Amino acid sequence: MFAQINHMAIISPRYPLLGKFYEAMFGLKPSSKSRPAGAITIGDGYAGLNLIPRRDGYLAGIDHFGMVVDEIAPVKERMQRKFPKANVVQRPSARPFAAYSGHDPDGNVFDLAQRKGDTRKEIYADIAAQTWAQDRYMNRFAIRTPNAEQVAEFYSEVFELKPVNGRAADGYHLTDGRVTLSILKWSADKFSGMSVKRPGPDHIGFHVEGLAAFKAHVAEMAGANPFLAPMPLGGSPESDTRRELFRSSANGEWQMADPDGNWLDISSDQEGRA
């Protein structure tokens, strides 16, 4: 495939805690090399998860995703030809996982690396050198955006991601063969009964080997260390409305949140929702 979704990123003032959460709950593995003052990078053998310290001027939460492509030049050419509102720029040289950043026609941000002259480091160099298989892995990045149809067309035509069917009817779903990019529709009326969420990243999806076993593991980890307990969903009229919005737009069987409240959609080999 021309493009592979190779990382997802979360900004947090408690990024070391989130690192422990994703290691404990999903078995994501840390890089063999790290930056003591930088972001934490962990991975599932195919994609990485960047946990970035919150800096001045940035909001905490799910922030962006990244792709690796064969070459950057065709990406720029395709964008300029049909999607002039999109753009790609060079990133700071200190970034170990992508040399470029870009945005789609709605302004949703993504990172880009290229296989040609590969300069990726940390967990991405580990994965490039030797992929590994594990039962729990990232399988979805969901964006909620005003012009969902045009944005889905952008990722299909520029990056050759393939359309797939999803359980959630609200939006468009494209895949690189393993990870799905879900483009969900955004409009203010979708948030009746709750505070309006701004457009942008909505949730991350994980595949697990079995839902019952995973739920038991989550309870065990939270019991052993309460700092790793997921943030509860629901419990008041407005939070119940938020939970229902998430459930209705998700594709997995169970929904949860990490300790910072970032939404996680959990799917397994089982059929149907639990």
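The values are calculated or read from the model by the stated rules, or taken from the named source; none is laboratory data. All figures in this text were calculated on a predicted structure; none of them were measured in a lab. Glycine gets a Cβ as well: all are built from the backbone with ideal geometry, and neighbour counts include every protein chain shown. Ligands, DNA and RNA are stripped out before the accessible areas are found, and what is left, the full protein with its side chains, is counted by its heavy atoms. Shrake-Rupley method; radii C 1.70, N 1.55, O 1.52, S 1.80 Å.
Label 7 Å along Cα→Cβ of Asp135; region 1-34 residues with amide nitrogen under 14 Å? Only 25-28 pass the distance filter. For the options Trp263, Trp254, Trp132, a Gaussian network treatment of the chain with springs between C-alpha atoms closer than 10 Å singles out Trp132 as fluctuating the most. Amide H to amide H, with H built 1.01 Å from N, Asn87 comes under 5 Å of His103, counting only residues 5 or more places away or on other chains.
Taking every DSSP helix (H) stretch of at least 4 residues in the chain, weighting each as -39,500 (n - 2.57) and dividing the sum by the residue count yields a mean residue ellipticity at 222 nm of -8000 deg cm²/dmol.
Near the amide H of Ala257, within less than 5 Å, lie the amide hydrogens of Met231, Leu264, all on another chain or at least 5 residues away, with H placed in the peptide plane. Its relative contact order, with pairs defined as Cα atoms under 8 Å and 6+ residues apart, puts region 1-116 at 27 percent.
Annotation: amide H of His64 within the under-5 Å range of Ala9, sequence separation 5 or more or interchain, hydrogens built in the peptide plane. For chymotrypsin sites (Phe, Trp or Tyr not before Pro), the sites in region 15-77 that DSSP calls loop and that have at most 16 other Cβ atoms within 10 Å are Tyr58. Accessible surface for Leu49 stands near 0 Å², nearest 10, in the context of the full protein assembly shown (1.4 Å probe). Potential lengthening of the chain between Phe227 and Lys185 amounts to 11.7 nm, from the contour at 0.36 nm per residue minus the alpha-carbon distance. Once both labels are positioned 7 Å from their Cα atoms along Cα-to-Cβ, the gap between Ser192 and Ala37 label points is 5.2 nm. One chain, two ends: Ala219 and Asp70. Fully extended at 0.36 nm per residue, the span grows by 49.5 nm beyond their Cα-Cα distance.
Evaluating 6.51 cos²θ - 1.76 cosθ + 1.60 at θ = phi - 60° for every residue in region 239-249, the Karplus couplings come out as 5, 5, 5, 4, 4, 5, 4, 4, 4, 6, 9 Hz, glycine and proline recorded as x. When the inverse distances between all different Cα atoms of the chain are averaged and flipped, the Kirkwood radius reads 19.0 angstrom.
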